[in-house]
Amino acid sequence: MRLNNGFFAALICGAIWGFIWMVVISVLFMLISGEITRPPVGSATLAGMLAAGFYLWFCSDDRNWFRDAVPGILVFFVLTTLSGGKPLGLDFSVATSWQILALALFIGVTALSIHLCLSGMGNRHLNRYQLEHLLIRMLKGVGFTIFTVVVALPFYVMIMTSLKSQQSLLANPLDFSLDFSQGLGVLFRSYIELFTEFNFGTFLINSAIVSVATVILTLLFAVPGAYAVARLRFPGQAFLSRSILLIYMVPAIVLVIPLYAVFSQIGLRNTLTGLLFVYPATTIPVALYMLQGYFRGLPSELEEAGLMDGLTRLGVILKITLPLSLPALASVALYVFMIAWNEFLFAFMFLDSVEIFTLSRGVVSLNSSEVPRQHLMAGSVIATIPVLVIFLWFERFLVSGLTAGSVKG
């Protein structure tokens, strides 16, 4: 029976998934259990290859769930046999429960990945279309997996470190397992101490005030400015439209020293008011650029109809343009908020008093030998969660705004 390139492509697909999932799950196993291991990636690669070959040969066109389970069983037997009964590179007497869970997870995700890539490909032979389809599926799956791991792993390490004690971190820096028997008070001790001893409640309030005020000031200036550039005709309009982002050609570090000197002379240094002069100046240009493009895409007939009905130009903006621009306004507001919330350079240079530190400035103040590392990680978690929650809330708002801003014929 003749084999073709498609079958070998399926073998390569299985080998890649076996290799990737063994590396990912072994890293997770070491982080959770604290045990150091050398994962048998060669055995896992061969197990994935054989499972993919079996799936393509017998199961890819069959909806029999028993046959779909056979590749997973094959992965288990090949991996345990080739690794000498150590599928994760350790004896089963070491962290037995975690090894069983990791092994089951490896078998499940490897078999599932092979099924998702090869399902519907036909038995034994792949034509050119199926081969390209397989390649696209595999690249999408591998890219999504690697991207998820790269993004999620630092957050996992950050959160687990923030919940550890100083003694456990010194004993084994790679052990991120948690002991829930010690109680929630001990588990969240770093967070409690940040708010009771390091003024993190004040830092949160200061960052919220500065970020929200920056969003309001930016929109107050950017909305009429972007509307004027997009709709009105005046000398220099084209030049202004194209030169809005020229300010970003000047690095922020170049502006810090002269602004520091000027703010020191007029009494704005070491105040949140000084930041409210700097932050909108850095966010208004990009807000203008984003909004003018959206305003140009809105039907001008609606605004002309409003003017004919007696509305002023300001009334047209408030009653027609802004309601239709909710998605763009939400996007700009979120972007500006994130810039102001995470900004560090100007806050580090201008703020000296602890009681007016923003959150980014407060987190950096924890980076010293006198403060335990888990406190720094807890501060990083506190700085990340509000932006994440706001982003998830704004995502729902963006979807509803797109629906509400549609034009019906």
* Taking the range 151-168 as the region of interest, how many residues are closer than 16 Å to Leu376 by Cβ and either at pLDDT below 75 or exposed (fewer than 14 other Cβ atoms within 10 Å of the Cβ) (or both)? -> 3
* To do: Using the structure shown, decide if Pro327 is in contact with a helix residue (DSSP H, G or I) (Cβ under 6 Å, 6 or more places away or on another chain), of a type outside the set (Lys, Arg) and touching a residue at least 12 places away in the same chain (Cβ under 8 Å).
  => yes
* Structure fact -> Pairing a residue in the range 312-323 that is surrounded by 13 or more Cβ atoms within 10 Å (Cβ to Cβ) with any residue that is part of a helix (DSSP H, G or I), where Cβ atoms lie under 6 Å and the two sit 6 or more apart in sequence or on different chains, gives Val316/Glu303; Val316/Gly306; Ile317/Tyr227; Ile320/Leu302; Ile320/Glu303; Ile320/Gly306
* Kindly list, by first and then second residue, each pair from a residue in the range 129-155 that is in the same structural domain as Leu118 (by TED's automatic domain parsing) to a residue that is outside any helix (DSSP H, G or I) and surrounded by 12 or more Cβ atoms within 10 Å (Cβ to Cβ), limited to pairs with Cβ atoms under 6 Å and residues at least 6 apart or on different chains. => Gln130/Met121
* **the range 32-45, subset under 17 Å from Val109 (Cβ atoms) and assigned to a helix (DSSP H, G or I), residue modelled with the lowest pLDDT** => Ile32
* To do: Would you check if there is a residue in the range 252-264 being in a helix (DSSP H, G or I), within 33 Å of the chain's Cα centre (by Cα) and hydroxyl-bearing (Ser, Thr, Tyr)?
  => no
* Looking only at the range 161-179, decide whether some residue is closer than 24 Å to Leu334 by Cα and not hydroxyl-bearing (Ser, Thr, Tyr). => no
* Looking at (1) over 20 Å from the mean Cα position of the chain (by Cα); (2) at pLDDT below 90, can you tell me which one Gly379 breaks? -> (1)
* **Every residue from the range 335-359 that is within 24 Å of the chain's Cα centre (by Cα), surrounded by fewer than 19 Cβ atoms within 10 Å (Cβ to Cβ) and either assigned to a helix (DSSP H, G or I) or of a type in the set (Lys, Arg) (or both)** => Tyr335, Met338, Ile339, Asn342, Leu345
* Structure fact -> If we keep only residues of the range 236-279 that are among the polar types (S, T, N, Q) and more than 22 Å from Phe350 (Cα to Cα), then the residue surrounded by the most Cβ atoms within 10 Å (Cβ to Cβ) is Ser241
* To do: Sort through Glu132, Glu193 and tell me the only one that's acidic (Asp, Glu), part of a helix (DSSP H, G or I) and surrounded by 15 or more Cβ atoms within 10 Å (Cβ to Cβ).
  => Glu193
* Structure fact -> Of the listed residues (Ile12, Ile16), the one being assigned to a helix (DSSP H, G or I) and either at pLDDT below 85 or within 28 Å of the chain's Cα centre (by Cα) (or both) is Ile16
* Structure fact -> Going through the range 156-190 in order, the residues found to be in contact (Cβ under 8 Å) with a residue 24 or more places away in the chain, assigned to a helix (DSSP H, G or I) and not aliphatic (A, V, I, L, M) are Tyr156, Thr161, Ser162, Gln166, Arg189, Ser190
* Criterion: modelled with pLDDT under 80 and not in a loop (DSSP other than H, G, I, E, B) - qualifying residue of Phe92, Phe106, Phe66, Phe77 -> Phe66
* To do: Output yes when any residue across the range 289-300 is surrounded by 16 or more Cβ atoms within 10 Å (Cβ to Cβ), out of contact with any Gly (no Cβ under 9 Å at 6 or more places or on another chain) and closer than 29 Å to Thr384 by Cα, and no when none is.
  => yes
* Structure fact -> Subset of the range 135-146, residues loosely packed, with under 12 Cβ neighbours inside 10 Å and not hydrophobic (A, V, I, L, M, F, W, C), comes to Gly143
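The values are calculated or read from the model by the stated rules, or taken from the named source; none is laboratory data. Since the structure is predicted, the reported quantities are computational estimates derived from the model, not experimental observations. Because the Cβ atoms are built from the backbone with ideal geometry, glycine has one as well, and the counts that use them run over all protein chains shown.
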